[in-house]
Amino acid sequence: MTDRLSIVSIKDIARAANVSHSTVSRALRNSSLVRTETAEKIQRIAREANFRVSAVGRSLATGRTFSIGVVVTTVADPFMADVVAGIEEAANACGYSVTLASSKMDPEREMKLVQSFEERRVDGILIIASRVGSVYLSVLAEMKIPIVLINSYHPGEFTYSVTVDNVAACRSATRFLIQLGHRKIGFIGNKYGAQSNAGRQAGYRQALDDASISFRPELVLLGDARVEGGFQALEHLLLLPPAEAPTALVCYNDLTAVGVLNAAYRHKIVVPDDLSVIGFDDLTIASYAIPPLTTVRQPKHEMGRVATEIVFNLLAGSTTEKSYTFQTDLILRDSTAPPRKRD
């Protein structure tokens with residue numbers, strides 16, 4: 001039986017297991033580089049010794065803090081939660097901790113949070129749905145630590161990103177409505193969405209152009225990516241003469257679409273008979289909405305995981321992959337149907 005009191009450091013565990021210090025370090029981080037039987041032996045010895053890896057000791061030995069800073073626009077958005085879950089899974093598997101901060105959709109606050117993370121010497125920073133934009137690229141470049149953008153893309157020498165093909169996604173969603181027979185199709189975007197909103201609106205317009213359907217600016221509104229924004233947008237569209245009102249809507253995200261469904265219910269508009277609605281994200285709430293929501297599925301968890309892996313690759317000295325673009329899937333549910341024939 002191993003004497004618990006005699007083992008107080010990685011060096012002690014290495015001697016007890018008859019392996020190198022680096023092997024112990026890898027085994028305690030569950031690295032795949034260590035054979036299973038060796039890792040189990042090392043971990044058993046560590047448990048018996050009640051050993052815990054010292055974050056301070058690791059930082060002094062490696063010059064790293066083994067922490068990642070994550071900036072989200074709001075903690076209330078379920079999309080953010082799913083992405084962060086992927087980040088945490090990838091980070092924790094490599095022995096990293098994650099610190100979360102909310103920019104509250106304020107570009108200046110976002111920049112201050114990024115600078116604060118740098119001052120706290122995090123090893124990398126992930127920014128979900130960045131509001132910063134290209135105006136701050138030169139400032140971020142001076143930080144010299146890995147920064148990966150998720151669900152946004154700002155090309156630059158130092159920037160890396162993980163996103164989806166927003167143009168193709170909304171082109172596909174709009175094309176589906178056109179195939180159902182809709183010709184009066186509206187788009188409810190996100191005034192805070194920057195590049196993602198621009199891409200989704202571009203895809204919507206491309207599908208209209210492909211079908212030789214005239215673009216009608218009065219059918220395009222900018223919400224705030226929240227339920228309230230979707231509700232207010234439909235209220236505004238209902239001010240149009242009935243003959244001019246849309247028979248279908250493509251929404252920036254699922255929260256916007258849920259707001260539309262709520263407003264439709266209050267005005268006794270039947271979805272999808274009177275109005276077809278498509279969301280974006282495929283949040284859990286989408287399948288429980290009434291009716292269940294047709295939506296574009298983003299691989300949210302996977303986006304978080306891949307973005308974290310890019311950070312680790314950059315820390316290891318690899319700079320070959322600057323960005324990764326995921327494809328999306330259109331998930332068909334009950335909120336879409338052919339337009340009702342009018343008498």
Checking ALA248 against (1) under 22 Å from LEU208 (Cβ atoms); (2) in contact with a Gly (Cβ under 6 Å, 6 or more places away or on another chain), which test does it fail? (2)
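Listed here are the residues, each with its yes/no results for (1) at pLDDT 90 or above; (2) closer than 27 Å to PHE231 by Cα; (3) not hydrophobic (A, V, I, L, M, F, W, C).
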| residue | (1), (2), (3) |
| --- | --- |
| ALA101 | yes, no, no |
| GLU108 | no, no, yes |
| GLU119 | no, no, yes |
| ASP123 | yes, no, yes |
| VAL135 | no, no, no |
| GLU142 | no, no, yes |
| THR159 | no, no, yes |
| SER172 | yes, yes, yes |
Got at least one residue in the stretch 63-73 being outside any helix (DSSP H, G or I), at pLDDT below 85, among the β-branched types (Val, Ile, Thr) and in contact with a helix residue (DSSP H, G or I) (Cβ under 8 Å, 6 or more places away or on another chain)? yes
Kindly state which helices (runs of 4 or more DSSP H) lie completely within the stretch 157-267 and contain at least 2 residues that are surrounded by fewer than 24 Cβ atoms within 10 Å (Cβ to Cβ) and of a type in the set (D, E, K, R). 166-180, 194-210, 227-237
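Given ALA91, ALA129, ALA85, which one is exposed (fewer than 15 other Cβ atoms within 10 Å of the Cβ) and hydrophobic (A, V, I, L, M, F, W, C)?
Details: ALA91 fails: exposed (fewer than 15 other Cβ atoms within 10 Å of the Cβ); ALA129 fails: exposed (fewer than 15 other Cβ atoms within 10 Å of the Cβ).
Just one listed residue meets the conditions, ALA85.
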On the given criteria, is TYR288 more than 30 Å from SER161 (Cα to Cα) and among the aromatic types (Phe, Trp, Tyr)? yes
For ALA316, which of the numbered conditions (1) surrounded by 14 or more Cβ atoms within 10 Å (Cβ to Cβ); (2) closer than 21 Å to ILE125 by Cβ fails to hold? (1)
Being in the same structural domain as LEU221 (by TED's automatic domain parsing) and at pLDDT below 95 narrows it down to one residue among ALA257, ALA289, ALA264, ALA243; which is it? ALA243
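The values are calculated or read from the model by the stated rules, or taken from the named source; none is laboratory data. Keep in mind it's a predicted model, so treat the numbers as computed, not measured. Using ideal geometry, Cβ is built from the backbone for each residue, glycine included, and neighbour counts are taken over all protein chains shown.
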